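Encoded as structure tokens, the structure appears first; notes follow it.
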Amino acid sequence: MRAEKKYLIDEVTTHLKKSEYVIVANYDKMSVEDIAKLRAKLTPEKAEFHVVKNSSFRVAAKAFGLPDMEGSLKGPTAIVVGGKNPYGIAKIVKKFFTDTQKLEVKTGVIDRKSFNAKEMSLLADLPSFDALRSQLLGMFTQNAAAFVRVLDAKVKKEQPAA
């Protein structure tokens, strides 16, 4: 293997090691300015946007143990990796697409499970982890409060009138 090709594959492997997810996208309609704007939006989440060669990504993904994405590796390819919140990153990418109509998600892999573009869009629509936690906590407290009201009503019913 040529040194240049090995370097490119090693570089993609380094990117893949940064997170438990990867979002694969087509960036052919994006300008350098658009890419800079997207990178700026991803930076607070510690995510990165990288343009990669399909052949280098194919080899690195296989070596890294990712599911087969052969059908998605056509045309210009970029990856989004890094950060701890893949769903938040998916929201940023989807909002960027909605605002600009320039970045098209091809596929994504989260925890070694493959998602197509439509599934990634649905994942991006999910509430944040903090919102889900607060909803769950609200359900717990609501049910507990209802249980206490039932017990209280039962006790008040059984007390003799004075």
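Any residue in the range 128-139 that is closer than 19 Å to K84 by Cβ sitting within a Cβ distance under 8 Å of a residue that is of a type in the set (A, V, I, L, M, F, W, C)? List the pairs, counting only those 6 or more apart or interchain.
Short answer, once both residue conditions are applied: L132/L126.
Among the residues of the range 93-116, how many are at pLDDT below 80, in a strand (DSSP E or B) and of a type in the set (K, R)?
Qualifying residue count, the range 93-116: 1.
Give the residue that is surrounded by the most Cβ atoms within 10 Å (Cβ to Cβ), with candidates limited to residues of the range 98-111 that are at negative phi and within 14 Å of the chain's Cα centre (by Cα).
G108
Taking the condition of being under 25 Å from K91 (Cβ atoms), modelled with pLDDT of 85 or more and of a type outside the set (A, V, I, L, M), how many residues in the range 46-67 meet it?
Qualifying residue count for the region: 4.
How many residues, within the range 2-13, are open to solvent by 50 Å² or more (accessible area, probe 1.4 Å) and either closer than 22 Å to L103 by Cβ or under 19 Å from the mean Cα position of the chain (by Cα) (or both)?
Adding up the residues that qualify gives 1.
Are any of the residues in the range 31-44 within 19 Å of L123 (Cβ to Cβ) and among the acidic types (D, E)?
no
Please determine, by comparing only the residues of the range 31-54 that are hydrophobic (A, V, I, L, M, F, W, C), in a helix (DSSP H, G or I) and more than 16 Å from the chain's Cα centre (by Cα), which one is surrounded by the most Cβ atoms within 10 Å (Cβ to Cβ).
Here is the first cut: in the range 31-54, the ones hydrophobic (A, V, I, L, M, F, W, C) are 32, 35-36, 38, 40, 42, 47, 49, 51-52.
Keeping just the survivors that are in a helix (DSSP H, G or I) gives 32, 35-36, 38, 40, 42.
Now narrow it down to the ones that are more than 16 Å from the chain's Cα centre (by Cα): 32, 35-36, 40.
Details: V32: 7, I35: 16, A36: 11, A40: 10.
Among those residues, the one meeting the criterion is I35.
Condition first: part of a strand (DSSP E or B) and either surrounded by fewer than 17 Cβ atoms within 10 Å (Cβ to Cβ) or of a type outside the set (A, V, I, L, M) (or both). Now tell me which residues in the range 70-92 satisfy that.
Hits for the range 70-92 are T77, G82.
Has the range 121-137 got at least one residue that is closer than 28 Å to L66 by Cα, in contact with an Asp or Glu (Cβ under 8 Å, 6 or more places away or on another chain), surrounded by 12 or more Cβ atoms within 10 Å (Cβ to Cβ) and at pLDDT below 80?
For the range 121-137, residues closer than 28 Å to L66 by Cα, in contact with an Asp or Glu (Cβ under 8 Å, 6 or more places away or on another chain), surrounded by 12 or more Cβ atoms within 10 Å (Cβ to Cβ) and at pLDDT below 80: absent.
Taking F96 as the residue in question, decide whether it is among the aromatic types (F, W, Y) and in contact with a strand residue (DSSP E or B) (Cβ under 7 Å, 6 or more places away or on another chain).
The answer is no for F96.
The values are calculated or read from the model by the stated rules, or taken from the named source; none is laboratory data. On a predicted model such as this, the values are computed, not experimentally measured, just so you know. When we count neighbours, we look across all protein chains shown, and the Cβ atoms used for this are built from the backbone with ideal geometry, even at glycine. Surface areas here come from the heavy atoms of the whole protein model, side chains and all, with no ligands, DNA or RNA. Shrake-Rupley method; radii C 1.70, N 1.55, O 1.52, S 1.80 Å.
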